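Here's the structure, in C-alpha cells; my notes come after.
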Amino acid sequence: KFIKELWYKCILFHNNKNMKLDMHFHSTASDGLLTQEELLKRAKEQDLEFIALTDHDVVSYGFREETQKYGIKSCQSVEISAYNEAHDKSLHLTFYAKEISQDIGNILQWVVRAKEDLIWLQIARFQEYGFEIDANEFYDFFEKLWRKKDALNKFDMVVFVFWNEKNRIHAQQLHAGNVITREDFYLQYLKRWWEKFHEFAVMVPNYEIPLSVCRDFAQKCDAIISIPHPNVTFKKWGIQEFKKVLPHYIEQAWVNAIEVNACATREWGEAILQAKEKYDLFLTFWSDFHKSGINDGKHWDFWQSNPFLSPQSLEKYFQEYSHKICST
C-alpha cells in the first residue's frame, strides 16, 4: 500500500539514518510567510529528502509535482481544523495521502469560507466589548504583510487588536485589571475549552470538521492522519489527559499517527513514543514552521528537529520499519 511505500521506504529508513524531512509546515496559502517556491528552495538547500506541506484546510494539490522538480519526494497533505464533540475540544489533525480526492478539498473550502464569516462576526463582538477595530483596516494591515484574506484567523485578529495601545489597556481592564498578553488573551477568550470562550467568542456553522468526517476522509484515501504537536494541543491538561483521550481519537477519527514536534520536551517525547508503541501508530515530524526565527514552544524553524529525540535515539524505529518493509 501507499502508506508502506511512503513511510517505510521514503521517510523513516535511510542508510545514514538521518531524518532529512519535514512533514508539518505552512506557506502563504494559509498562515505561513514563505511561498511554496521559497520553501522548496530552502528544502533543496538543506538536502531534505521528503517534505509535506500542511496548510490549514488547504490541500497541497500540485505541490508534490513541484517537489519532484527539485528531486524531493512528497505526497498530498493538509492540516484539518477538527472538532471533538464528545470532549468539546477543537484541535488540528495533519492528513497525508497519495491522493486526496477533490471532494475532500471542496469540503475544506467550506471551512475556509466559514473562517471568513467568523472574522467579521468576531470583529463585531470585539466592537461590542469596546475595542477599537475596523474590519477593512484589519484586512489592509495583513495585506501589507502578504497574508491572504481567506487565510487570516482568530489569533491574527488578536495581534491586530493588541497593536493598538488603547486596546491593550482595555484588554487589561476587561481582565479584572490584570496585565494580559495577546497570547493569553487568545487562549482565554477565543479558544473553545478556556474560561472566557462562551462569553466572548463567536462560532459559525462548518467552521470545523467533526471527527467522524475526518475518519471518513482517512478511510477513503487510505491516509495517514496524525495528531500534531500533542505537547501543545494537550498542554493545559497534561500528559495523563492526553493518554486518556487518545483512544477516542483513534476510534472516532481513525487517527493512526502521532507527531514528534520539534518543541516537545523529553517527557512529552517519551509519552509520544509510548503511545506509538501501545497503539502501533506511525510517527510524523517536526517543525510546524510558519516563519524564520520563531521558537515559541510550538513552532520552530523549517526542518528543526527535536533535540531530545535525535535520529540516533530513534534508531530502533528505523530498524523496525526496515524490518517490516523487507519482510513484506
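Numbers at a glance
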read-out	value
Considering residues of region 234-290 that are of a type in the set (S, T, N, Q) and surrounded by fewer than 16 Cβ atoms within 10 Å (Cβ to Cβ) only, the residue nearest to the chain's Cα centre (by Cα)	T265
Single condition Y317 does not satisfy, out of (1) at pLDDT below 80; (2) over 29 Å from D222 (Cβ atoms)	(2)
Looking only at region 61-79, and only at residues there that are touching a residue at least 40 places away in the same chain (Cβ under 8 Å) and assigned to a loop (DSSP other than H, G, I, E, B), the one that is most open to solvent (accessible area, probe 1.4 Å)	Y61
Test: D88 is closer than 22 Å to P228 by Cβ and of a type in the set (D, E)	yes
Residue ID - farthest from Q102 (Cα to Cα), chosen from residues in region 222-232 that are open to solvent by less than 20 Å² (accessible area, probe 1.4 Å) and not in a loop (DSSP other than H, G, I, E, B)	N231
Matching entry among K148, K89, K115 (being farther than 19 Å from P210 by Cα and at pLDDT below 95)	K148
Any hit, region 133-149, residues being exposed (fewer than 15 other Cβ atoms within 10 Å of the Cβ), touching a strand residue (DSSP E or B) at 6+ places or on another chain (Cβ under 8 Å) and part of a loop (DSSP other than H, G, I, E, B)	no
Among residues of region 32-42, those that are assigned to a loop (DSSP other than H, G, I, E, B) and surrounded by fewer than 19 Cβ atoms within 10 Å (Cβ to Cβ), counted	2
Residue match in region 108-130 (condition: open to solvent by 50 Å² or more (accessible area, probe 1.4 Å), assigned to a helix (DSSP H, G or I) and among the aliphatic types (A, V, I, L, M))	yes
Enumeration of residues in region 206-221 that are part of a helix (DSSP H, G or I) and either acidic (D, E) or in contact (Cβ under 8 Å) with a residue 60 or more places away in the chain (or both)	L211, V213, C214, D216, F217, A218, K220, C221
Residue within region 243-250 that is within 21 Å of V111 (Cβ to Cβ), in a helix (DSSP H, G or I) and hydrophobic (A, V, I, L, M, F, W, C) present	no
Cross-chain or 6+ apart pairs with Cβ under 9 Å, region 247-275 first and without any contact (Cβ under 8 Å) to a residue 40 or more places away in the chain and closer than 17 Å to F95 by Cβ, then acidic (D, E) and surrounded by fewer than 24 Cβ atoms within 10 Å (Cβ to Cβ)	N256/D280
Residue in region 22-40 that is farthest from K98 (Cα to Cα), counting only those that are more than 14 Å from the chain's Cα centre (by Cα) and touching a residue at least 12 places away in the same chain (Cβ under 8 Å)	L33
In region 6-31, residue modelled with the lowest pLDDT [restricted to those that are assigned to a helix (DSSP H, G or I) and aliphatic (A, V, I, L, M)]	I11
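Here is a yes/no grid of residues against (1) in contact (Cβ under 8 Å) with a residue 24 or more places away in the chain; (2) open to solvent by 40 Å² or more (accessible area, probe 1.4 Å); (3) touching a Pro at 6+ places or on another chain (Cβ under 8 Å):
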site	(1), (2), (3)
N153	yes, yes, no
F162	no, no, no
H175	no, no, no
D184	no, yes, no
E195	no, yes, no
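The values are calculated or read from the model by the stated rules, or taken from the named source; none is laboratory data. Only a predicted model underlies this, so the values are computations on that prediction, with no experimental measurement involved. Counting neighbours? That spans all protein chains shown, and the Cβs are built from the backbone with ideal geometry, glycine included. Accessible surface is based on the protein model in full, side chains and every heavy atom, while ligands, DNA and RNA are left aside. Shrake-Rupley method; radii C 1.70, N 1.55, O 1.52, S 1.80 Å.
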